[in-house]
Amino acid sequence: MPAKIYIDGESGTTGLGIRTRLKTQPGIELLALPQSQRKDPGAKKALMEHADIVVLCVPDEAARESIAIAASIGEKSPRVLDASTAHRVAKEWTYGFPELAHGQAEAIAKARFVANPGCYATGAIALLRPLVDKGLLPADYPISIHAVSGYSGGGKTMIADYERGAAPAFEAYALGLEHKHVPEIERYARLARRPIFAPSVGNFAQGMLVCVPLFLDDLPGKPKGADLEAALAARYAGSAFVKVMPGDASEKIEPRSLNGTDDLELRVFANDSRAQAILVARLDNLGKGASGAALQNLRLMLQYDQQPAYTATGAGIAG
């Protein structure tokens, strides 16, 4: 019997991406409401009663409303994968980054409620968590994160502005230092000090770079760039999607080369003589940063993928 999946918010960028990916997956039946009923609580509840998993691709408040509808069904309520920000640091929700730590993929497979990570958070946590777990980066280190994304992650208004030529070539935003991805970065990177996060958007549709500069002589043991790279490589050994690549200081790096994939590349660019390094994550903000991550989580929840997200041992505990 096929698994029945309902995407609440399937007309948005992430919802469309998930729907497109699920069409190629065997053993899936996609449930949908007519356009006129998509905001009708009664119609949603009736459809949810037949769903195995509900995927939420709606704004935070609408996601909370949909969770309340699902909960009202009782014991037969569906499992939920939430792509909004609403539940990423909420109790009883499992964070949907399978590569986070040893056992996380298995936790996702068993979870009733899974929160899909934010795109920026995916890159930042992937860079920072292994170094904190290894003791190379103190949890209270003053972290700053600089990132640039394609405009496709900015919602319908931003997409429309860029596509009609009414937006700037580049702009920094969230200058009030309250970006919605910061809480999940702080929690799942195991930081004891709130990081400074400086995001920006460029005039390209999709692609992302997340950069974290470090003073190596401020870190315990004064590690070299190779030590940081080795810690990342050990954490993600065997991962299907997260790859640690050599950081060649003579090269340039642009954000779009992983577009159309679910890959995440990590690099350490270091100048050991200056005791400085820049950690860089590159991903497609619509791939591993959104619908690709959702598909990975759905496959785990449906028990389609039985292998762990990576094979390294001693990689820390989940959560």
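Hey, does the stretch 89-98 have a residue that's modelled with pLDDT of 90 or more, in a loop (DSSP other than H, G, I, E, B), charged (D, E, K, R) and touching a helix residue (DSSP H, G or I) at 6+ places or on another chain (Cβ under 9 Å)? The answer is no; no qualifying residue exists.
For (1) of a type in the set (Phe, Trp, Tyr); (2) assigned to a helix (DSSP H, G or I); (3) at pLDDT 95 or above, each residue gets a yes or a no:
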position	(1), (2), (3)
Ile185	no, yes, yes
Leu191	no, no, yes
Pro213	no, no, yes
Gly238	no, no, no
Glu251	no, no, no
Ser257	no, no, yes
Phe269	yes, no, yes
Leu279	no, no, yes
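Of all residues in the stretch 144-170, those satisfying the criterion of being open to solvent by 70 Å² or more (accessible area, probe 1.4 Å) and either within 26 Å of Pro213 (Cα to Cα) or in a helix (DSSP H, G or I) (or both) are His146, Lys156, Thr157, Glu163, Ala169, Phe170. Using the structure shown, decide if Leu232 is in contact with a helix residue (DSSP H, G or I) (Cβ under 6 Å, 6 or more places away or on another chain), open to solvent by less than 10 Å² (accessible area, probe 1.4 Å) and either modelled with pLDDT under 95 or not in a loop (DSSP other than H, G, I, E, B) (or both). Considered against the rule, which asks whether it is in contact with a helix residue (DSSP H, G or I) (Cβ under 6 Å, 6 or more places away or on another chain), open to solvent by less than 10 Å² (accessible area, probe 1.4 Å) and either modelled with pLDDT under 95 or not in a loop (DSSP other than H, G, I, E, B) (or both), Leu232 comes out as yes. Can you tell me which condition Glu184 does not meet? The list is (1) at positive phi; (2) open to solvent by less than 80 Å² (accessible area, probe 1.4 Å), and all the others hold. So Glu184 meets the others, but not (1). Residues that are closer than 17 Å to Leu302 by Cβ, out of contact with any Gly (no Cβ under 7 Å at 6 or more places or on another chain) and not acidic (Asp, Glu) were ranked within the stretch 105-142; the one that is surrounded by the fewest Cβ atoms within 10 Å (Cβ to Cβ) is Lys110.
Restricting attention to the stretch 1-54, which residues are part of a strand (DSSP E or B), in contact with a Gly (Cβ under 7 Å, 6 or more places away or on another chain) and of a type outside the set (Val, Ile, Thr)?
Ala3
The condition (being surrounded by fewer than 24 Cβ atoms within 10 Å (Cβ to Cβ) and not in a loop (DSSP other than H, G, I, E, B)) is satisfied by just one residue among Glu65, Glu75: Glu65.
The values are calculated or read from the model by the stated rules, or taken from the named source; none is laboratory data. Since the model is a prediction, treat every value here as computed from it, not as a measurement. As a convention, Cβ positions derive from the backbone with ideal geometry for all residues, glycine included, and neighbour counts pool all protein chains shown. Heavy atoms of the whole protein, side chains included, go into the accessibility calculation; ligands, DNA and RNA do not. Shrake-Rupley method; radii C 1.70, N 1.55, O 1.52, S 1.80 Å.
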